[in-house]
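I have placed the structure first, in the form of structure tokens, so that the comments after it can refer back to it.
What follows is calculated from the coordinates using simple rules that are stated; it is not laboratory data. Note that the structure is a prediction, hence the values are computed from the model and not measured. All Cβ positions, glycine included, derive from the backbone under ideal geometry; neighbour counts span all protein chains shown.
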Amino acid sequence: MGNIWVMGKKEFASYFASPIAYVAIAVFLVVVGLKFFIVDTFFKTGEASLRSFFELVPAFFVFYLPAIAMRLVSEEKRLGTFELLATLPVSDAEIVLGKFTGALGFLKITLLLTLVYPLMLGLLGAPDWGAIIGGYIGLLLIGSAFLAIGLMASTWTRSQIVAYILGAVLSSLFFFIDRILAAFFEEAKKVAEYFSFSSHFSNFTRGVIDTRDLVFFVSMIALCLVVATFSLNRRRWN
Amino acid sequence: MSQSAATPMIEVADLWKRYGEIEALKGISFSINKGEIVGFLGPNGAGKSTCLKIMTCFIPPTSGSVRIGGLDVQEHSRAVRKRFGYLPESAPLYTDMVAYDYLKFVGALRGVTGRKLAKRIPEVAEKCGVTDVLGQVVGTLSKGYRQRVCLAQALIHDPEILVLDEPTVGLDPNQVVEIRTLIKDLGRERTVILSTHILPEVLVTCDRVVIIHRGKIVANGTPQELQEAQASNPPVVLRIGADGLSSEAVLSTLRGQPWAGSARVRPVGLAGEMEFEIASKGADDARERTISLAQAQKWRLLEVRRELLDLEGIFRKSTQE
């Protein structure tokens, strides 16, 4: 547990050691802000809800979070620091969980900064707090799942770019799968919906926290982290 | 865990490593006793790093075993990893971290925490000469400082074993001397294994040399032992004035002697002088016979000596096939 925390803190801090993190957060906030105020003309509709926010953010996360996760392991492999890390008395699972914890910290910061929107709604009107709290829990879960996918992709390659592309492709596949499949086979829709991140996520934005959705995201995250651990562990195989 | 004098600290037994088609290690066995500084010497690509990577539990061997302090590196990987400090080849570091934070990070993962860690960082920094740069971002440091920050990392938990892969590569001559002195100093209370392709390094710092070439051990002993082993029948070197003689003619005369095994020309920097190397057939000293031959042939004799191979010669001889 201690090792995971130490690694997580280091990963989290390293995001903010370069300007990239600030730029990424700024871009995220600007895009969300533009959509919220300009495109959806928040002040004109006069609706105290974050519906459009909860529509945009997960779609944005599909491309944003793989960029946050891409360097986690691939950079260690490229720099050769992985050799040092792996020869410390730390297990591969601890490495994966530590890295995930650090990236999760970044996601939490990003989400924390968007809390200004619900606060504003609260001041101006009477929003449905259940939907907002549910939506944020949903964002944390779907975001964590994208990070886990990105982290898994990052263990497969030394190249951050390749890790990003793999992460973004897999993330968008899981996010849009129901829409993609439904376009071809109407009958596959039910199955596709089961695997679709967006359909599981949409329940949260209605303020419904369903165990099935929770289990889906948590097992998706666990699966990716297990695969990532195996992929690190592969060097120990003959 | 008590360590009897009989059990070696590091025991490598018939180690093989195959990377696809390439055989990096072809059955390496050696052992290192507690407190020894052993130099792992070999040309680039000899298999030194591969062997160290197996010893430090980074990759598994194809077959064979490594025991550290009596524990198998594969079965007791984590316990083994606690016992050594490792400086990998080319000192990989997180370039975006401040040196102090980096040492703190490694220390914490090594189980050194809190006040103990706060006390230990300045100590190892002092030892490795990086006190002045602790506050700097690693990426801004020179190669020499990076190397020493990485060495400091390997010492943070005061390990009993130090594994150093090419510790002096990329340093300037003064830094090289400093690091060698430091290693010698560290080796007083620790077991050290270092790899290098630089000979003087081994002579200056190591108690024992293991020469490895193409995945095999070709020599193993103290520098003195290696020299003595080679000294049983050293070749005779003959230097004569050129005086219009052709080297082929001299060579064929030399080769024609019943006591001479083989002879070859050795390059000399000086015009008007020629040098030959003659290996005698038996175990006896061929210097006197060489002198009489030179006199009989009326060669202008300049020098006759037996060539005891220095470590460099041993290295060259054992790594050139």
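Shape call for segment A:62-195 from the C-alpha gyration tensor, a ≥ b ≥ c root eigenvalues: rounded (a/c under 1.5), prolate (a/b greater than b/c) or oblate?
Here segment A:62-195 falls in the oblate category.
What is the antiparallel percent of DSSP beta bridges lying wholly in the protein assembly as shown, to the nearest 5?
Percentage antiparallel, nearest 5: 70.
For segment B:230-319, what class follows from the C-alpha gyration tensor (a ≥ b ≥ c being the square roots of its eigenvalues): rounded when a/c is under 1.5, otherwise prolate if a/b is larger than b/c, else oblate?
Working: a/c = 1.95, a/b = 1.35, b/c = 1.45.
Because a/c hits 1.5 or more and a/b fails to exceed b/c, segment B:230-319 counts as oblate.
Looking at segment B:236-321, which trypsin sites (Lys or Arg not before Pro) are in a loop (DSSP not H, G, I, E or B) and have at most 10 other Cβ atoms within 10 Å?
When the trypsin sites (Lys or Arg not before Pro) of segment B:236-321 are filtered for loop state and at most 10 Cβ neighbours within 10 Å, B:K298 remain.
With n ≥ 4 as the cut-off for DSSP H runs, can you work out [θ] at 222 nm for chain B, using -39500 (n - 2.57) per run divided by the number of residues, rounded to the nearest 500? Don't skip to the end; give the middle numbers.
Working: 11 runs with 112 residues, N = 321.
It comes out at -10500 deg cm²/dmol, rounded to the nearest 500.
Return a single number: how many Lys pairs in segment A:2-236, at a sequence separation of 8 or more or on separate chains, have alpha-carbon atoms below 17 angstrom apart.
8
Quote the charge dipole size of chain B about the Cα centre in Debye, to the nearest 20; the model charges only the Cβ of Lys and Arg (+1) and of Asp and Glu (-1).
So the magnitude is around 600 debye.
Which of B:S31, B:G129, B:P167 sits farthest toward the positive end of the charge dipole of segment B:10-221, with +1 on the Cβ of Lys and Arg and -1 on the Cβ of Asp and Glu?
Positive-most Cα among the choices belongs to B:S31.
What are the residues whose amide H is under 5 Å from the amide H of B:G85, where those residues sit 5 or more places off or on another chain and H is modelled from the backbone?
B:I161, B:L162, B:V163
Within the set of other residues whose C-beta is less than 10 Å from the C-beta of A:E11, count the net charge using Lys and Arg as +1 and Asp and Glu as -1.
Around A:E11, the surrounding residues sum to +4.
Which percent, nearest 5, of DSSP beta bridges in chain B are antiparallel?
That works out to approximately 70 percent antiparallel.
Test of understanding: ordering A:I221, A:I20 by Cβ neighbours within 10 Å, fewest first, what list do you get?
Least to most surrounded, the residues fall as A:I20, A:I221.
Taking the Cβ-Cβ separation of A:I165 and B:T181 as r and a Förster radius of 45 Å, what is the calculated FRET efficiency to the nearest 0.05? Please report the intermediate quantities before stating the final value.
Details: r = 49 Å, r/R0 = 1.09.
About 0.35, to the nearest 0.05.
In terms of the Cα gyration tensor, with a ≥ b ≥ c the square roots of its eigenvalues, is segment B:122-206 rounded because a/c is under 1.5, prolate because a/b exceeds b/c, or oblate?
The shape class here is oblate.
Using the Kyte-Doolittle scale, which helices in chain A average at least -0.5 and also have C-alpha atoms spread 24 Å or more along the helix axis, with helices defined as whole DSSP H runs?
Membrane-span-like by this criterion, though nothing is claimed about a membrane: A:51-69, A:92-113, A:129-154, A:160-184, A:211-233.
Give the separation of the Cα centroids, segment B:267-281 to segment A:191-238, in Å.
The two parts, judged by their Cα centres, are 76 Å apart.
Could you run the Karplus curve 6.51 cos²θ - 1.76 cosθ + 1.60 with θ = phi - 60° over segment B:164-175 and give me ³J(HN,Hα) per residue in whole Hz, x for Gly and Pro?
Values, residue by residue: 10, 9, 6, x, 10, 5, x, 9, 7, x, 5, 5 Hz.
Counting helices only, and only those DSSP H runs with n ≥ 4, report the 222 nm mean residue ellipticity of chain A as the sum of -39,500 (n - 2.57) divided by its residues, in deg cm²/dmol to the nearest 500.
Roughly -26000 deg cm²/dmol at 222 nm, from the helical runs in chain A.
Report the rotationally averaged projected area of segment B:10-221 based on its alpha-carbon convex hull, in square nanometres. Before the final figure, lay out each step's value.
Details: hull surface 44.9 nm².
With every direction weighted equally, the projected area is 11.2 nm².
Which residue, A:M7, A:S199, A:T101, has the largest displacement toward the positive end of the dipole of chain A when charges sit on each Cβ (Lys, Arg +1; Asp, Glu -1)?
Of the candidates, A:M7 comes out farthest on the positive side.
³J(HN,Hα) across segment B:112-120 via Karplus (A = 6.51, B = -1.76, C = 1.60, θ = phi - 60°), whole Hz, x for Gly/Pro?
Taking θ as phi minus 60°, the curve returns 9, 9, x, 5, 4, 5, 4, 7, 6 Hz for segment B:112-120.
Would you mind working out the magnitude of the charge dipole of segment B:158-219 relative to its Cα centre, with +1 at each Lys and Arg C-beta and -1 at each Asp and Glu C-beta, to the nearest 20 Debye?
It works out to roughly 360 debye.
Taking each residue in A:14-21, count the Cβ atoms of any other chain within 10 Å of its Cβ, then average. What number comes out? Could you put the intermediate results ahead of the total?
Working: counts 5, 1, 1, 8, 3, 0, 0, 0.
Going residue by residue through A:14-21 and averaging, the value is 2.
Of B:K116, A:K189, how do they rank once you tally other Cβ atoms within 10 Å and put the fewest first?
Values: B:K116 12, A:K189 16.
Arranged by neighbour count, lowest to highest, B:K116, A:K189 become B:K116, A:K189.
Let me check the size of the protein assembly as shown from its C-alpha atoms; what are the radius of gyration and Dmax in Å?
Using the Cα atoms of the protein assembly as shown, the pair Rg, Dmax is 32.9, 119 Å.
Scaled to the compact-protein estimate 2.2 N^0.38 Å, what is the alpha-carbon radius of gyration of segment A:2-236, rounded to two decimal places?
Relative to the rule-of-thumb radius for its length, segment A:2-236 sits at 1.06.
Over chain B, what is the mean sequence separation of C-alpha contacts under 8 Å (at least six apart), divided by residue count, expressed as relative contact order in percent?
RCO, chain B: 19 percent.
Would you mind working out the magnitude of the charge dipole of segment A:1-149 relative to its Cα centre, with +1 at each Lys and Arg C-beta and -1 at each Asp and Glu C-beta, to the nearest 20 Debye?
So the dipole magnitude of segment A:1-149 works out to roughly 200 debye.
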